[in-house]
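Accompanying notes for the structure given below.
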Amino acid sequence: MSRPYKQIAATMTPEGTRQQRMRRVVDALWDRLEETGVSWVGFYLYEGGNELTLGPMRDKPACSPIGLYGACGQALTRGTPLVVR
């Protein structure tokens, strides 16, 4: 499968609220990646403090809030993406 980023980026527009824009990204990624075995696509949001809260997401339920100690927290505190296979 080719990387879908360019096709997805071409469909994104700046209109709408932050939540609406994130929802469009999640839906576009899910539509493209679901058949590859990806079980979850979504955002965790950091609004200060010691936790992340769940934002727009697709499919499997996810915990919220979560602390900064797991994979998502590591990516935030390090300031770099973390790919979990």
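The values are calculated or read from the model by the stated rules, or taken from the named source; none is laboratory data. Since we're looking at a predicted model, the values are computed, not measured. Because the Cβ atoms are built from the backbone with ideal geometry, glycine has one as well, and the counts that use them run over all protein chains shown. Side chains are part of the model used for accessible areas, which takes the heavy atoms of the whole protein and leaves out ligands, DNA and RNA. Shrake-Rupley method; radii C 1.70, N 1.55, O 1.52, S 1.80 Å.
Quick notes on this one:
- A10 vs. criteria part of a loop (DSSP other than H, G, I, E, B) and among the aliphatic types (A, V, I, L, M): no
- Failed condition for G55, given (1) open to solvent by 40 Å² or more (accessible area, probe 1.4 Å); (2) outside any loop (DSSP other than H, G, I, E, B): (1)
- Inter-residue pairs, beta-carbon under 9 Å, first open to solvent by 60 Å² or more (accessible area, probe 1.4 Å) and in segment 4-24, second polar (S, T, N, Q) and not in a loop (DSSP other than H, G, I, E, B), 6+ apart: R24/T11
- Residue that is modelled with the lowest pLDDT, among those in segment 72-85 that are surrounded by 12 or more Cβ atoms within 10 Å (Cβ to Cβ) and under 18 Å from W40 (Cα atoms): L82
- Failed condition for R24, given (1) modelled with pLDDT of 90 or more; (2) touching a Leu at 6+ places or on another chain (Cβ under 8 Å): (2)
- Residue within segment 34-46 that is more than 12 Å from the chain's Cα centre (by Cα), free of Cβ contacts under 8 Å to residues at least 24 places away in the same chain, surrounded by fewer than 14 Cβ atoms within 10 Å (Cβ to Cβ) and on the phi > 0 side of the Ramachandran plot present: yes
- Test for Y69: is it surrounded by 12 or more Cβ atoms within 10 Å (Cβ to Cβ) and either in a strand (DSSP E or B) or of a type in the set (F, W, Y) (or both): no
- Flag for G49 being open to solvent by less than 60 Å² (accessible area, probe 1.4 Å), small (G, A, S) and assigned to a loop (DSSP other than H, G, I, E, B): yes
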